[in-house]
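Each value in this text was obtained by applying a stated rule to the coordinates, not by laboratory testing. All of these numbers come straight from a predicted model, not from anything done at the bench. Every residue, glycine as well, gets a Cβ built from its backbone with ideal geometry; the counts of neighbours run over all protein chains shown.
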Amino acid sequence: MNIIIVGCGKVGKTLAEQLNEAGNNITVIDQDPDKLSAVTDRCDVMGIVGNGVTRAVLEEAGIADANLLIAVTGSDERNLLCCLLAKKAGQRCETIARVRSPQYSEDAPYLRRELGLAMVINPEYAAALEIARVLRFPSAIKIDTFVKGRIELLKFKLPEDSPLAGMAVRDIAPKLHCDVLVCTVERDDEAFIASGDFTFRGRDVISIIAEPKSAYTFFRKINYKASPVHSALIAGGGEIGHYLSIMLLRAGIDVTLIEKDEVRAEMLSEEMPDATVIHADATDQDILMQESIDKAGAFVALTNIDEENILLSLFARSVSRAKLVTKINRIDFDNVIGRLDLDTVIYPKNITAEIIVRYVRAMKNTIGSNVETLYQLIKGKVEAAEFLVREGSPVIGRPLAELDFREGVLVAAIVRGRKVIRPRGSDVIQDGDSVVIVSNHLGLHDITDVLR
Amino acid sequence: MNYRMTVHVLGILMIVEGALLCVPALTAAVYREPSGMIFVALAAALVLAGFVITRFKPQKRTLFARDGFVIVSLSWILMSVFGALPFVISGCIPSFIDALFESVSGFTTTGASILSEVESLPKCMLMWRSFTHWIGGMGVLVFIMAILPLSGGTNMYLMKAESPGPSVSKLVPRVRTTALLLYVIYFVMTLAEFLLLLAGEMDAFEAFTIACATAGTGGFAVTNAGIGGYSAYSQIVITVFMILFAVNFTSYFLILHKKFKEAFSTEIRAYLIIVALTITTVSVDIRHLFGSAGEAVRHAAFTVGSLMSSTGFATEDFNLWPTLSKTILVLLMFVGACAGSTGGGIKVQRFLILGKSMRNEFRVMLHPKQVRKVKLDGHQIEPEVVRNINAYIFLYFLIYVVSMLVLSLDGFDLTTNFTGVVATLNNIGPGLNAVGPTGNYALFSPLSKSVLIFDMLAGRLELYPMILLFSPLTWKK
């Protein structure tokens, strides 16, 4: 597919990298040549210096043959205008705009419909949504859902003394009597797709696929707290903090929000009378102790400075047993951060990019079956994809054991109507099933791609 | 340095060169020449060795700028060494340094020869000599990129290091598609010339070799008379294609997309104006040497096209022309072709940018606080590009002076040495006096030949890769 990305900031760069790897032809437009060359030197994309909201530049970027334009400049208005222009200049160009201001975001569905956009994405809202989901189930580092929430994909870290340590994957069902499927295990810098005789160790990071109910029993059995948090302490009242507070309050969770800027704090307090808004610097330990960080169910670090967020979370870890969520915006040291004891780390740019990549993958649908949902289980290594199987697909009608799967492919679940099937060798995929596949082959487009 | 990946790419290169050696092997089969066995054996050996080397897959496939430069320069040296082997083994050119000179001259599309006569050589050797022009014209690494999916975006560094011109732009987002498109344009134009030459008096062998040599802007001929022995029709066809192959290939891509305005960029216009002006001047200057005005124009156009495009074919011994014409021709050798073509020289684009930045300097001297950027075709030229060109020009003359000094040890006259370096550093071929169209480079000492070999490689790869390969800075840990 021919894709034009306007704006080469954090999200633009991540998108260019990921969409390029998925085999699309990418052209990136930005006014800053230095920012552009940072991308064009690293991946195989074309860069054009110029204002993406002018027709001449869009034409130079090949808008006439483009299938998709993604506007992720710093300004909402420019993003929207750019999409409008692209819509007129390109014959069959879909458009995605990033709109982050809350005022416009309220109008998002209206804007999308009236301006004919394919998607309006708000990174802060998306990030807040993901945090809220994790707080609902604090034992998990990350939660994704498949088949309209019927199946959940949960990632969590084993403590040193976990009852699972030393247990083999195939012993889970007989010993714990619960129906979960282990997909991947990350140990140090390695990632494994779990086979039956794989034995767990403390500090492993594990992904499981299960129905929400089974996941709940599973976590209870391995001594995790499985109930949602009751109170949350949020450091930083930016847009994510604002959206998150609203979501948490709506779910009946107590929210304490610390914001440095007085005007902003007053505004937040007016908008959310139920929240406790504190006007203070969150890096002040006294303030944190005063707001009883040691007793909070969750601590969410959302200030604008990544390093500050990491430090705040590490401090919280030392004084309390709260569930930690840390936002990282800019810095790119995944492997170092991964080794810190930080529970959940949220990268807003990755969340936005992931949503858009998922949309692009869905745009490429082929007949027979297609990708409905897609998650990066382990960044750049393992993906989980949901396919809808339609009539005529070669996977239909034969027991799984007889199908010739490629190596590193795991059929994680089959959903038929309301029923969720834990696949075994004798199960047969039928027309209309949703199938969840976990695989280390990235960029699957069709369920037949998993066959040899 | 990513040594494993470097070796891996060199392994691929050996396989590709092995495959390309099949062309002269086929020629030998057609003309029933026993020396064809050398090509078959060498091709088999290279392919086999290449397969063994590429069996070991490097874990890290990322290449950085430094790796790009090293890979490109090593590839060209290695390719030339293997390319020289058939000449040595067959005994056509017994001395290795001479054979290497001939091979480098072929791949770098220079066309400077150490042979005084070529007709006694087997046809397969002549075919290989000319075919190396075609391979070297567009660049062999670009060819590898076009057919093989090399890892990630980092192979842009390879393309940057191998393509002629100050700034390399892609035609389409992907390097691989860009490389493929360039080769398609290159191939179709070569084919067109081949067919047009075939329509004249040439046989298939001559038409093919001459087309290859024109396409790469090389200049090896297959008869002792050079191009002078062919009809006026053939000479005109060759003239037109020499001028066409020295045009930036991006223009052809834009013409195919009906973007005529963008296709005739400032560089192309400047190039065409220079060609037209010099043809006119030289025609007038040499009018008295020929029977008719038409003949004078034909030879002037051929020689101007040949030298400016850095091909180096000759119909007439321009060494005997008046001084004004000779001076103009030598100056044309410096200017060279357009960036992004198969031609050599300093390139029209560099002169345009230098001229504009020089004018800006004048303005700044008069208005010290004036803010002014260099622009070409409405696009701003980054200060880094201007800086790079300034360093390039200095480096160019540094190499030039050192080469001249070494050559002067051999005791030839100043014109011979001066034009000998011009003709090799700019990948042209013939110079004046002893290295003129009727002379050759055999008379130089092995030391001088080595220097000229370096000059040819440096000139083809735009100086930096070859210099960086031998610079301690590159190898510092």
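Quick notes
- Cβ-to-Cβ counts within 10 Å put B:272, B:452, B:254, B:171 in ascending order as B:272, B:254, B:171, B:452, the fewest first.
- Remark: mean inter-chain Cβ contacts per residue of B:91-98 equal 0, using a 10 Å Cβ-Cβ cutoff to other protein chain atoms.
- In this simple spin-label approximation, residue B:293 and residue B:376 carry label points 7 Å from Cα along the Cα→Cβ vector, and these lie 3.7 nm apart.
- Proximal charge balance of residue B:253 [Cβ under 13 Å; K/R count +1, D/E count -1]: +2
- Net +/- balance of residues flanking residue A:440 in space, Cβ distance below 10 Å, scoring K and R +1, D and E -1: 0
- Three-way shape call for chain A based on the alpha-carbon gyration tensor, with the a/c threshold at 1.5: oblate
- Counts of other chain beta carbons within 10 angstrom of each beta carbon in peptide B:170-181 average 4.
- Packing here is the average count of other Cβ atoms within 10 Å per residue, and on that basis the peptides A:400-407, B:11-18, highest first, run B:11-18, A:400-407.
- Relative packing of peptides A:233-245, A:418-430, B:32-44 - highest average C-beta neighbours within 10 Å first: A:233-245, B:32-44, A:418-430
- Extent along the principal axes, Cα only, for region A:2-121: 38, 29, 26 Å, with the longest axis given first.
- Each Lys or Arg adds one and each Asp or Glu subtracts one; over the other residues with Cβ under 14 Å from the Cβ of residue B:61, this totals +1.
- Only helices enter this figure: runs of n ≥ 4 DSSP H residues, each worth -39500 (n - 2.57), summed and divided by the residues of the protein assembly as shown, yield -15500 deg cm²/dmol at 222 nm to the nearest 500.
- When each of A:35/A:260; A:381/A:419; B:326/B:347; B:347/B:375 is checked by Cα-Cα distance, pairs over 24 Å: A:35/A:260; A:381/A:419
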